[in-house]
Each structure stands twice: as C-alpha cells, then as structure tokens.
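The values are calculated or read from the model by the stated rules, or taken from the named source; none is laboratory data. Just so it is clear, the model here is predicted, and its values are computed rather than measured. Please note: Cβ atoms are built from the backbone with ideal geometry, for glycine as well, and neighbour counts cover all protein chains shown. Note: accessible area is taken over every heavy atom of the protein model, side chains too, but ligands, DNA and RNA are not part of it. Shrake-Rupley method; radii C 1.70, N 1.55, O 1.52, S 1.80 Å.
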Amino acid sequence: MRFMMFMYPQIEDADWSPSAEAVAEMGRYNLELRDAGMLLSLDGLQPPSEGASVVFEGRGEVRVLDGPFAEAKEVVGGYWLIQARSIEEAIEWVKRCPGEHCRIEVRRIPELEDFPPDIREAIPYDPSLHLGVEDASAPEAGAS
C-alpha cells in the first residue's frame, strides 16, 4: 500500500528556512526511510508567498491567486510518498520523524483495484505515471 505523508509546518512565512542542524536531522530520517525500502518520493516546498493558487469556480471559470494566502489556515510544507503494509506501519514511521512545530497527516493512496469495475474501465490507467505501482502487464511482473 502507498501512503502520502503531508507535513504542515505550524510556523510563520518568515520562519520557513530551517537550520542546518534540522536539515541534517531530517536528512537522516529520509535516508532511514529509503534504506528500509519504504520511500518512493519526497520533497519540501517553498513557502506560500512563493506560490499561487488556482481556483476553479465552475466549468471554464478559473481564478489565479498569488501567495501568500490570507484564507489558508494550514499549508503543506513538504511530503513523503511511502509504501507500507498498513496504516499502522505508516504511522509508526511518521512518529520517527524529527519534525518540530508541525503536523504530519498520513493518507492511503487508492490503488486501481480499490475502485469498482465501471470506474476502473473509465480510467485511462498508465502505471508508469504512479510511483511504486507495478505494471501487471509487464513481462517481468509475472516472472518469479
């Protein structure tokens, strides 16, 4: 199973730059995830003042808002994409994170087989677009 871990820093925009010590500690955690075979992808994000928000208000009605976003109560500061055997295992890995002044949300990513047949048939599915998903039709997928 794949899980997305979202980090929500509980800091001001001006405090967005971590110390070298905090970066090194987080780097050790990231390597631990990788070395355990859990990590599929990760990245940190620039503060909201560096971003934009695109709002879809109806079909063809698009509005772009430049950051910072006054109405945002929480913003994503970074993410990890991991694979784990269960939500409990994913949570145990989150608890090891050396984060400070943040909240980490863990959510399972649905796999194609989680959807009913009519939805699966409607999805133009390409496993190469999804990290950590094996292509069942690939020759090496069935070989043991």
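Here are the numbers for this structure:
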quantity: P(r), alpha carbons of the stretch 53-109 - 10 Å bins starting at zero, rounded %; calculated: 16, 35, 27, 20, 2
quantity: Segment Ser17-Arg85, extension gain: residue separation times 0.36 nm, minus the distance between their alpha carbons; calculated: 21.1 nm
quantity: Gain upon complete extension [Val76, His101; 0.36 nm per residue less C-alpha separation]; calculated: 7.7 nm
quantity: Computed magnitude of the charge dipole of the stretch 1-108 (debye, nearest 20; Cβ of K, R +1, Cβ of D, E -1); calculated: 560
quantity: Added length on full extension, which subtracts the Cα-Cα distance from 0.36 nm per residue, Glu57 to Tyr125; calculated: 21.7 nm
quantity: Phe115-Gln46 pseudo-label distance in nm [points 7 Å out on the Cα-to-Cβ vector]; calculated: 3.3
quantity: In Å², nearest 10: area of Ile87 left accessible to a 1.4 Å probe; calculated: 60
quantity: Ellipticity estimate at 222 nm from DSSP helix runs (n ≥ 4, -39,500 (n - 2.57)) divided over the chain, nearest 500; calculated: -7000 deg cm²/dmol
quantity: Residue-normalised accessible area of the chain, given per residue in Å² at a 1.4 Å probe; calculated: 70
quantity: Surface/4 estimate of mean projected area, convex hull on alpha-carbon atoms of the chain, nm²; calculated: 12.0
